[in-house]
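See structure below.
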Amino acid sequence: MTGSILILNGPNLNMLGTREPGIYGASTLADIGKLCTESCKKFGYLCDFRQSNHEGELVTWVQAASQTADVKGVIINAGAYTHTSVALHDSLRLLSCPIVEVHLSNPMAREGFRHTSYVAPLAFASICGLGPQGYIVAIEGLAKKLTN
Ligand code: DHK
């Protein structure tokens with residue numbers, strides 16, 4: 001293993017499976033976590049997959065990652081905090097490792113209040129609208145970036 005990839009999920013993503021399946025699909029967060037663990041392993045990384053409904057907890061996790069050499073990259077689906085959180089944005093600025101933004105749906109094809117992302121300016125890639133596969137694409141992209 002060559003370090004870990006931290007995968008953060010924000011508010012309401014713990015409700016996947018029952019939450020608006022027409023938008024977010026039928027997979028649970030546990031299903032997505034399992035896929036991510038397998039994919040990270042394929043590239044030689046440990047997967048640290050987490051979810052919180054609390055903005056401050058996400059900020060604390062990002063701060064801790066910024067001080068941990070073992071964390072090689074961060075993938076984040078910040079949920080609704082994507083569109084609101086300057087605090088999360090500021091914590092992501094502490095990271096020196098690459099960041100990928102992921103969304104299950106395509107926020108740009110939805111309500112106007114989802115069109116702003118405080119994460120996107122800090123991410124080298126944003127993957128939207130691919131459902132759970134977006135997480136896998138993010139891991140692949142991150143692994144490729146880390147080998148370059
Ligand atoms: C998830 C959420 O919870 C929303 O607040 C975002 C994102 C979109 C997603 O598609 O994964 O607007």
Take segment 49-62 and flag every residue that is open to solvent by 50 Å² or more (accessible area, probe 1.4 Å), part of a helix (DSSP H, G or I) and within 14 Å of the ligand (Cβ to nearest atom). 55
For segment 5-28, which residues satisfy the criterion of being crowded, with 19+ Cβ neighbours inside 10 Å and either away from the ligand (no atom under 14 Å from the Cβ) or assigned to a helix (DSSP H, G or I) (or both)? 5, 6, 13, 24
Does any residue of segment 52-75 turn out to be touching a Gly at 6+ places or on another chain (Cβ under 7 Å) and among the aromatic types (Phe, Trp, Tyr)? no
Note down all Cβ pairs under 8 Å where the first residue falls in segment 8-19 and is within 23 Å of residue 92 (Cβ to Cβ) and of a type in the set (A, V, I, L, M, F, W, C), the second is near the ligand (Cβ under 9 Å from one of its atoms) and open to solvent by less than 50 Å² (accessible area, probe 1.4 Å), and they're at least six residues apart or on different chains. 8/77; 8/78; 13/77; 13/79; 16/24; 16/104
Candidate set: segment 102-128, residues that are in a loop (DSSP other than H, G, I, E, B) and touching a Ser or Thr at 6+ places or on another chain (Cβ under 6 Å); chosen: the one most open to solvent (accessible area, probe 1.4 Å): 118
How many residues does segment 31-44 contain that are within 16 Å of the ligand (Cβ to nearest atom) and either touching a strand residue (DSSP E or B) at 6+ places or on another chain (Cβ under 8 Å) or not acidic (Asp, Glu) (or both)? 4
Need pairs with beta-carbon distance below 7 Å; first residue closer than 19 Å to residue 140 by Cα and within segment 30-58, second of a type in the set (Val, Ile, Thr) and part of a loop (DSSP other than H, G, I, E, B); sequence gap 6+ or separate chains. 44/2; 45/2
Pairs needed: first member in segment 63-91, open to solvent by 70 Å² or more (accessible area, probe 1.4 Å); second member anywhere, within 11 Å of the ligand (Cβ to nearest atom) and of a type in the set (Ser, Thr, Tyr); C-beta distance under 9 Å; at least 6 residues apart or different chains. 84/116
Report yes if residue 135 is among the aromatic types (Phe, Trp, Tyr), more than 11 Å from the ligand (Cβ to nearest atom) and at pLDDT 95 or above, otherwise no. no
Scanning for something among the acidic types (Asp, Glu) and either in a helix (DSSP H, G or I) or more than 25 Å from residue 121 (Cα to Cα) (or both), does segment 31-48 turn up at least one residue? yes
Taking segment 97-109, which residues are over 17 Å from residue 141 (Cα atoms) and either more than 16 Å from the ligand (Cβ to nearest atom) or in contact (Cβ under 8 Å) with a residue 40 or more places away in the chain (or both)? 105
Hits in segment 29-48 - residues which are of a type in the set (Gly, Ala, Ser) and open to solvent by 70 Å² or more (accessible area, probe 1.4 Å): 30
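The values are calculated or read from the model by the stated rules, or taken from the named source; none is laboratory data. The structure displayed is predicted, hence computed values, not measured ones. All Cβ positions, glycine included, derive from the backbone under ideal geometry; neighbour counts span all protein chains shown. Each accessible area value is taken on the protein alone, full model and side chains, heavy atoms only, with ligands, DNA and RNA left out. Shrake-Rupley method; radii C 1.70, N 1.55, O 1.52, S 1.80 Å.
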